[in-house]
């Protein structure tokens, strides 16, 4: 039979050992195999090295660009005289080309300025005087002659004389062969001279 022990024979219950922990963990040494401060210092050094490399590259790049700008400025200065001479030569060539074009157009016009003036003299009334003649014959599609002059008399009388003169030019046999239209552009009174000023355009066909 099983023997039962008395309660008095059982071991007495004991309370767990306890004592206050006065350790300051912040002041205790770091006992890890690789300390945390090592990683922090390594990261800081790497960041500093990367910053120095970046600044060095920027400085080198700026220096290189500065050298390129200086070299380009030197080349521009050296070639300035050649460029100026080339521009002058191109301008002179353009002027000569314009003169040649005008000469060719002058030779191809169906009526010469000398003949034009001669016909005007034959048809000019005594009350009208021609002060200005302009021949624009460079553009074959818009070649024309312009005449400006003045007519004496009152506004009504001067207007009638000018209109009659325009009709005379339109009916002239030689002008009908050359010009597609004869137009009175303006007829204004000149307050200083007391006469009427007119402008007539004759457009070549």
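Structure summary
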{"read-out": "Cα gyration tensor category, rounded, prolate or oblate, for the range 113-204 with a/c compared to 1.5", "value": "prolate"}
{"read-out": "Exposure proxy order (Cβ contacts within 10 Å, fewest to most) of 51, 196", "value": "51, 196"}
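Every read-out reported here was derived from the displayed coordinates using simple, explicitly stated rules and does not represent laboratory data. These numbers were taken from a predicted model, which means no experiment stands behind them. Heads up, the Cβs are rebuilt from the backbone with ideal geometry, glycines too, and the neighbour counts pull from every protein chain shown.
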